[in-house]
Amino acid sequence: MTKKEKILLKIQEEELKLLKEFIRICSQNKIKYFALGGSLLGAVRHKGFIPWDDDMDLGIPRNDFEKFTNEIDFNKYNKNYILESSEVNLGVIQYKLKSGVQILGEKYEVCLDIFPLDGMPVNKLQKFYFERKILFYRMLYKFSVIDQVVDKDRGAFENLLFKIAKLLKLNKFISTSLMNCKLNKLIKTYDYSSSRYVGNILGRYRSKEIVEKNFFGKGVLLPFEDIYINCPVNYDCYLKNIYCDYMQLPPVEDRIPHFEELKNK
């Protein structure tokens with residue numbers, strides 16, 4: 001086993017422990033959650049982690065999300081795990097191992113990304129305007145932490161914007177806390193329970209993660225490693241919306257673990 005494989009396996013093992021505790025907390029507090037993005041893809045295609053991935057994405061409908069983040073005393077559960085927001089990643093809430101994990105002499109972060117699921121307008125013009133407004137504030141937020149953002153290919157136009165933002169050091173002129181406040185206020189505009197279209201507005205796939213609410217339904221349990229995880233009931237349409245032919249494996253050169261992306265920052 002290579003060093004990379006050993007690191008990946010250990011991070012996945014620790015994340016699975018986190019996931020089990022997260023599910024236990026949700027169950028005891030009657031909180032609905034769903035596997036999203038790569039975690040859902042892993043459950044459907046691999047019945048567990050995507051073999052080369054260590055990233056976990058979970059979504060909670062807004063009302064339950066507020067309960068999860070504001071009303072639960074996490075000290076009653078495993079004291080080695082904490083809930084905090086990721087400054088560099090749009091303020092996304094993370095359930096994480098407090099001290100990280102030491103693997104082969106190096107320290108690695110272990111966490112679950114917990115996203116709110118919010119509503120979107122039905123009217124096409126309103127939806128277009130709302131999505132552009134969200135993208136604008138997402139961009140400003142990223143500019144506010146531009147010195148911490150991981151370099152990766154975002155397409156020619158966005159690559160140029162990020163390069164200019166770094167050169168101008170825009171993070172010195174934009175308040176991260178203000179952008180976080182504005183962005184989170186904006187995504188709460190449309191109520192999840194009364195919206196036809198809902199999803200993870202802060203997700204990396206942006207509008208592709210906005211689907212009809214009946215895609216989520218009450219959820220369906222799918223095997224994930226040695227447990228079951230709650231997934232959108234119409235996971236096939238949800239995954240096709242994001243990945244198109246999601247059963248097709250990506251090229252070998254694109255199979256990059258999350259910890260390597262962070263390491264190469």
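Side notes on the structure shown:
- Unit charges on C-beta of K, R, D, E only; dipole of the chain, Debye: 760 debye
- What the pair-distance distribution of segment 12-73 shows, using all Cα-Cα distances binned every 5 Å from zero, is 4, 17, 25, 24, 16, 10, 3, 0 percent.
- Segment 166-210: chymotrypsin sites (Phe, Trp or Tyr not before Pro) falling in loop per DSSP and having at most 12 other Cβ within 10 Å: F173
- Once the 1.4 Å probe is applied to the protein heavy atoms, segment 33-175 comes out at 49 Å² accessible per residue.
- Theoretical ellipticity at 222 nm over the chain - DSSP helices of four or more residues, -39500 (n - 2.57) apiece, nearest 500: -12500 deg cm²/dmol
- Heavy-atom accessible area with a 1.4 Å probe sorts S194, S207, S39, largest first, into S194, S207, S39.
- Between segment 99-163 and segment 57-94, the alpha-carbon center distance in angstrom: 17 Å
- Selection from V252, L183, N241, by position along the positive dipole direction of segment 141-265 (Cβ): L183
- Rg and Dmax of the chain, Cα atoms only, in Å: 18.3, 54
- Kirkwood Rh in Å, taken over segment 144-265 so that all alpha-carbon pairs contribute: 17.7 Å
- Above 25 Å, the calculated P(r) of segment 38-172 contains 46 percent of its Cα-Cα pairs.
- Taken over the Cα atoms of segment 122-207, the convex hull encloses 104 Å³ per residue.
- Residues L167, L83 ordered from highest to lowest accessible area at a 1.4 Å probe: L167, L83.
- Over 18 Å [Cα-Cα, segment 76-123], rounded percent: 45 percent
- Taking the Cα centre of segment 122-212 as origin and assigning +1 to Lys and Arg Cβ atoms and -1 to Asp and Glu Cβ atoms, the resulting dipole is close to 200 debye.
- Screening the chain for whole DSSP H helices of 15 Å or more along their axis (Cα) with average Kyte-Doolittle hydropathy at least 0.0 returns 156-168, 176-187.
The values are calculated or read from the model by the stated rules, or taken from the named source; none is laboratory data. Only a predicted model underlies this, so the values are computations on that prediction, with no experimental measurement involved. With ideal geometry, Cβ positions are generated from the backbone for all residues, glycine too; neighbour counts draw on all protein chains shown. Keep in mind that these areas ignore ligands, DNA and RNA; they rest on the heavy atoms of the full protein, side chains included. Shrake-Rupley method; radii C 1.70, N 1.55, O 1.52, S 1.80 Å.
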